[in-house]
Structure formats: structure tokens, C-alpha cells
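Written out below as C-alpha cells is the structure these notes cover.
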């Protein structure tokens, strides 16, 4: 691999693969060793590999939504230099096959010590102008997004803080990884708001055996810690929220919506809706949090700034 002072300093930090076998897709998250990640990789991989449905960078994390399939990469220096040529599931593990010119083989070796990686097998080392190729193997995980609303009162509390505590609790329990925390701005003119009228979406990568246990863990924690009697949560199992979920979220950002409408959207999208106590006002915001859970800029916008 060459002479590097400390392999751990330049290794990938964490690699996670969340699977939706029904849709035939995987969301791959790679925590890059460099502070802001490599935008070059996002650009090149998406340009080179037909398996990549979408790709984006969040700080030093790369997100790739991939088809579970195989393709042949047409590698061209500078223009299409590296990509992912195969994704498959075997024995409840996800196999990601990478190929590229120059540093691709080095990249496989740098993924080997990442957290959550079972193995990284180098097929062709590459380097310089040569082809590099290898496979990275991770456990199969699934994506769970949880919307939370109405845990505070006008006197005390903050839903975004309690939600962050929940995210850290999930990791501590070993259920999975706390991926994202998004504050969703809802209709500012809502007369029932506590203050800023926002709800929270938490995104997790969960080991399949804990897919439904996470719901009970979060529910119990909210019951113990919430300060409001209108607290609710909504749980979505899937990689990509549907168009109807996004439309509902934008509607809740622009004006008042009813609990019945929130429940209808939830029913159409197999969303579990849970009121923590007797009142159900928080259901509206909990369901609305899900649609823009990973669209941070849109989630933060006020009605006048929405397209």
C-alpha cells in the first residue's frame, strides 16, 4: 500500500449498508478519513457506475443509494476513474465490489479496519496507472426513521435535545447506528405550537433482529422523559420516504393539517403511529417529520421559501 505513518489515521472510520430487498436497493454510508470527505469520489462513482441511483456527501460521510445488481464499468482516466460494479447479499451480509484506476486498491485496504466491516478482500492491488479491485463485506442492516413531536411545554424542555438523547441511547444499547437528526420546520402560524413549531426526525441503521425493538425502546424513553401530554412518534421502515409523505410534510409546513390526514398518510405508507399518552396532537408533527428526514435544507425552510 505504500509507506504511511499510521494506517488507523487514514482508514475509513465506519461503513454501513442498509438494505431494502423488496425494492432491490442498498444505501451505503462510508465515513471518510478526511475531514470533509472526498467530493471527487461522489462525482466519479456516480458518473462511472450505472448501479448508483443517487449519491451525496454529508460532511465526511458518503451516501450512495445502489441497485442490488452487477454491471461492467467503462473506466477512463480522469473521466470515469472509479466506481462500484456489483452489490449482492449473501448469508445476511452485504458485498460491495469496487473497481478503479490508480488508488482503488488502496481504498479497499483503507476500508478494511473501518467499524462495522466484516472483511475487505483485495482482488487486484492497482496503484499508479493500474486497475485496482476488491470487495468490502458488512452486516446487512435496515433503515428506520422515527419522527417525534411535542415533548416540551412553554415553560421547559426542547424536543430536539430529547431526540438527540434517544439517538445516543440506541447506539449505547447496540441496536444499531444513529445516522441523522433533522429539525423540520412546520407551519409557524399554528396556534397550538409550543414556540418554534418544529418536529424531529431521527434516522437509524438497525440490525434486522432489532428492527421492531427500537420502537419499544424509543416509546418507553419518551414516556419516561417527555414533559408534554401530547407526545407522539411515527416509525417508517424504508430507505426512501414516498412522494405522498413528502407532499404531506410540505403541506404541514404551509398550513394547518388534521390528525386524520396524518393518520391517512401513515396508513398508506405502513407507518407505525404511536401516541405516548392520551392526547394525540403530536401525531401531526411526528408523521410530518418523516417526509424530509434527509433533506436538511428543505426541512429547515419557512413557507415563503418553499418552491
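If the condition is being modelled with pLDDT of 95 or more and either loosely packed, with under 15 Cβ neighbours inside 10 Å or out of contact with any helix residue (DSSP H, G or I) (no Cβ under 8 Å at 6 or more places or on another chain) (or both), then region 196-207 contributes 203, 205, 207. Evaluation of residue 182 against the conditions (1) modelled with pLDDT of 90 or more; (2) in the same structural domain as residue 101 (by TED's automatic domain parsing) shows that the sole unmet condition is (2).
Residues that are touching a residue at least 24 places away in the same chain (Cβ under 8 Å), closer than 28 Å to residue 17 by Cα and crowded, with 17+ Cβ neighbours inside 10 Å within region 249-278 comprise 249, 266, 269, 271, 273, 274, listed in sequence order.
Scanning region 153-187 for residues that are in contact (Cβ under 8 Å) with a residue 40 or more places away in the chain and farther than 22 Å from residue 272 by Cα gives 153, 154, 156, 157, 187.
Only a single item in (1) crowded, with 19+ Cβ neighbours inside 10 Å; (2) in contact with a helix residue (DSSP H, G or I) (Cβ under 7 Å, 6 or more places away or on another chain) is not met by residue 49, and it is number (2).
Restricting to region 47-63, what's the tally of residues that are at pLDDT 95 or above and part of a helix (DSSP H, G or I)? Residues meeting the conditions: 0.
Would you check if residue 193 is surrounded by fewer than 23 Cβ atoms within 10 Å (Cβ to Cβ), under 29 Å from residue 16 (Cβ atoms) and modelled with pLDDT under 95?
Taking the combined requirement at face value, the residue does not satisfy it.
Could you count how many residues in region 72-84 are buried (at least 17 other Cβ atoms within 10 Å of the Cβ) and out of contact with any helix residue (DSSP H, G or I) (no Cβ under 9 Å at 6 or more places or on another chain)?
0
Among the residues in region 98-111, are any at pLDDT 95 or above, at negative phi and out of contact with any strand residue (DSSP E or B) (no Cβ under 7 Å at 6 or more places or on another chain)? No, region 98-111 contains no residue that is at pLDDT 95 or above, at negative phi and out of contact with any strand residue (DSSP E or B) (no Cβ under 7 Å at 6 or more places or on another chain).
Counting only helices (runs of 4 or more DSSP H) that fall entirely inside region 230-307 and contain at least 2 residues that are over 24 Å from residue 63 (Cβ atoms) and assigned by TED's automatic domain parsing to the domain that holds residue 203, the qualifying elements are 243-254, 259-268, 283-291.
The values are calculated or read from the model by the stated rules, or taken from the named source; none is laboratory data. Small disclaimer: the values here were computed from a predicted structure and weren't measured. Every residue, glycine among them, receives a Cβ derived from its backbone with ideal geometry; neighbour counts consider all protein chains shown.
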